[in-house]
Amino acid sequence: MPTDWGDNIILSRLSDEPELSEEFAGIFARLARHVPASRKPFPNVVLDFSGVSYLNSSHLAQLLRMRKLLAELGKSLVLCGMVEDVWSILTLSGLYKIFRHSPDPMTALASLQMEAD
């Protein structure tokens, strides 16, 4: 389940299927609650992939959709903690060029918090 890290960051520790798809659905549900009419600011999102061993095309599509939604709102999506197999998928697909990434969750959180200051 995605958790709040401060006022403007959601941190999600991911694991393999079926939890991965459920976690993505939970993040989209959380983002939907931040509709502009509610006056709640949209959060940045940090996804910790340290528990994920593979990604399929559906996962990549969800990541791209999440990135697009957050970018349109001026927010960031940061991927971190990727094991070699997951990083290879992003590298081979060329998607590593468009996703922001960090080596671990603490570095990702610190970079977002520094930007907010």
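A few remarks follow.
- Among (1) open to solvent by less than 30 Å² (accessible area, probe 1.4 Å); (2) within 17 Å of Pro105 (Cβ to Cβ), the one test that Leu55 misses: (2)
Conditions tested, residue by residue: (1) aliphatic (A, V, I, L, M); (2) under 12 Å from the mean Cα position of the chain (by Cα).
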position: Ser21; (1), (2): no, no
position: Phe28; (1), (2): no, yes
position: Arg33; (1), (2): no, no
position: Ala61; (1), (2): yes, no
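- Cβ pairs under 7 Å, 6+ apart, first in the range 70-84 and farther than 16 Å from Pro2 by Cα and free of Cβ contacts under 8 Å to residues at least 24 places away in the same chain, second open to solvent by 50 Å² or more (accessible area, probe 1.4 Å) and among the polar types (S, T, N, Q): none
- With respect to being of a type in the set (D, E, K, R) and touching a Ser or Thr at 6+ places or on another chain (Cβ under 7 Å), Glu72 falls outside the description.
- Counting only strands (runs of 3 or more DSSP E) wholly contained in the range 1-116, the ones carrying 1 or more residues that are β-branched (Val, Ile, Thr) and at pLDDT 90 or above occupy 9-15, 44-51, 77-80.
- Check on Arg33, touching a Lys or Arg at 6+ places or on another chain (Cβ under 9 Å), closer than 19 Å to Lys97 by Cβ and open to solvent by 70 Å² or more (accessible area, probe 1.4 Å): no
- Inside the range 64-101, residues that are over 22 Å from Gln113 (Cβ atoms) and open to solvent by less than 40 Å² (accessible area, probe 1.4 Å) make up a count of 4.
The values are calculated or read from the model by the stated rules, or taken from the named source; none is laboratory data. The structure displayed is predicted, hence computed values, not measured ones. Cβ sites come from the backbone with ideal geometry, for glycine too, and all protein chains shown count toward neighbours. Side chains included, ligands, DNA and RNA excluded: accessible areas come from the protein's heavy atoms. Shrake-Rupley method; radii C 1.70, N 1.55, O 1.52, S 1.80 Å.
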